[in-house]
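No lab work stands behind these numbers, since they all come straight from the coordinates. As the structure is a prediction and not an experimental result, all values here were calculated from the model. So basically every Cβ, Gly included, is an ideal-geometry build from the backbone, and we count neighbours across all protein chains shown.
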Amino acid sequence: MSELILKDFSAGYSPGKAAVSGVSMKIAGGSVTAVIGPNGSGKSTLLKGILSFPGVHSTGHATLDSLDIQSMNRGERAGRVAYLPQSPPVPAGLTAIETVLLGRFPHRSAWSSDSPEDVGIALNALEMVGATHLADKFTDEISGGENRLVNLAAVLSQRTEVILLDEPGSSLDYGHAAQLWELLSDLAARGMIILATTHRIEMSGNAFDRVLLLSEGKSVAFGEPEDVFLSGDLLSRVYKTPIKVRRSSPDGGWIVFPGDSN
């Protein structure tokens, strides 16, 4: 299985001025890693830095199976790493299935049309996110949550080893958000590497294998959920408000209590 390694990794929008710095972690295939932390802590910048986004400057090392991700050309990266931004653009004039088929571009020759295989993969991706009914609807005529599902399907249709997701549950109702994290856990079980930012510990915590906690652009903790969530008052200090986190059951997800609730 694949392995994603960050070593002393930093990223920012000006040379020498990092928005997130000093991140070191090793993520094996078959796992879901959550990136958590307050607004402005560098979560989105970290994902963009790994992908060498235009305008993002990075230092340190980001490797996938010992290959420098940033030395890959765009086609190579797109064939191995997929990315779902927090607010992807909604392409006007395209149906949901046409939008999902955009995820097949890295696997097609230039100017080639959609093959039956591409269409089958796209339809399967829509089915995986529970959005088959949207296939023929125009994306500028459906809700924000429905567009979120369509864009997730486009990422899945890319068929990569690694998926980076920035707040994948945003705009989704409770049911779809729960299904999303169950799907990500299932994808990891097939050997994929999932790295996702989130604020919804209580919704997604049961899907995590590892947690990276950021605060003010620095890596505060990286490890198993129990080690991060239950490390004294670590979360309270980072979020600057009293927080308690407990397991809902021995094998269940996490319950987040505001204040000093017992």
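If we count every other residue with Cβ under 12 angstrom of Leu64's Cβ, Lys/Arg +1 and Asp/Glu -1, where does the sum land?
Local charge sum for Leu64: -2.
Within 10 Å of each candidate Cβ there may be at most 10 other Cβ atoms; applying that plus a DSSP loop requirement, which trypsin sites (Lys or Arg not before Pro) in the range 155-262 survive?
Qualifying residues, ordered by number: Arg190, Lys240.
So, with +1 on the Cβ of K and R and -1 on the Cβ of D and E, and no other charges, what is the size of the charge dipole of the chain about its Cα centre, to the nearest 20 debye?
Approximately 760 debye in magnitude.
Label Arg247 and Ala28 with points 7 Å out from Cα along Cα→Cβ: what is the distance between them in nm?
Between Arg247 and Ala28, the simple spin-label model gives 2.1 nm.
Quick one: work out the % antiparallel among DSSP beta bridges in the chain, nearest 5.
Within the chain, antiparallel bridges account for around 60 percent of the total.
Given charges of +1 on the Cβ of Lys and Arg and -1 on the Cβ of Asp and Glu, with all other atoms neutral, how large is the dipole of the range 137-240 about its Cα centre, in debye to the nearest 20?
Around 180 debye, computed over the range 137-240.
How high is the relative contact order of the range 1-74? Use alpha-carbon pairs under 8 Å, at least six apart in sequence, and give a whole percent.
Relative CO of the range 1-74 lands at 40 percent.
At a threshold of 8 angstrom on Cα-Cα distance, excluding pairs fewer than six apart, so keeping six or more, what relative contact order does the chain reach in percent?
24
For the range 1-87, which chymotrypsin sites (Phe, Trp or Tyr not before Pro) pass both filters: DSSP loop (anything but H, G, I, E, B) and at most 15 other C-beta atoms within 10 Å?
Qualifying residues, ordered by number: Tyr13.
Taking the Cα centre of the chain as the origin and placing charges on Cβ (Lys, Arg +1; Asp, Glu -1), which of Leu67, Val155, Met192 is farthest toward the positive end of the dipole?
Toward the positive end, the furthest listed residue is Leu67.
At 222 nm, what helix-only mean residue ellipticity would the chain give, in deg cm²/dmol to the nearest 500, using -39500 (n - 2.57) for each DSSP H run of four or more?
-8500 deg cm²/dmol
Can you give the relative contact order of the range 163-214 as a percent, counting alpha carbon pairs under 8 Å and 6+ residues apart?
Reported as a whole number, the value is 50 percent.
Looking only at the range 46-76, which residues have a backbone nitrogen under 19 Å from a spot 7 Å from the Cα of Ser14 in the C-beta direction?
Residues 46, 49, 54-59 fall inside that zone.
Roughly speaking, what is the stretch gain from His199 to Trp111, that is 0.36 nm per residue apart minus the C-alpha to C-alpha distance, in nm to one decimal?
27.7 nm
Through the Karplus equation 6.51 cos²θ - 1.76 cosθ + 1.60, θ set to phi - 60°, convert the phi angles of the range 147-157 into ³J(HN,Hα) values in whole Hz; use x for Gly and Pro.
After applying 6.51 cos²θ - 1.76 cosθ + 1.60, I find 5, 4, 5, 5, 5, 5, 4, 4, 5, 5, 5 Hz.
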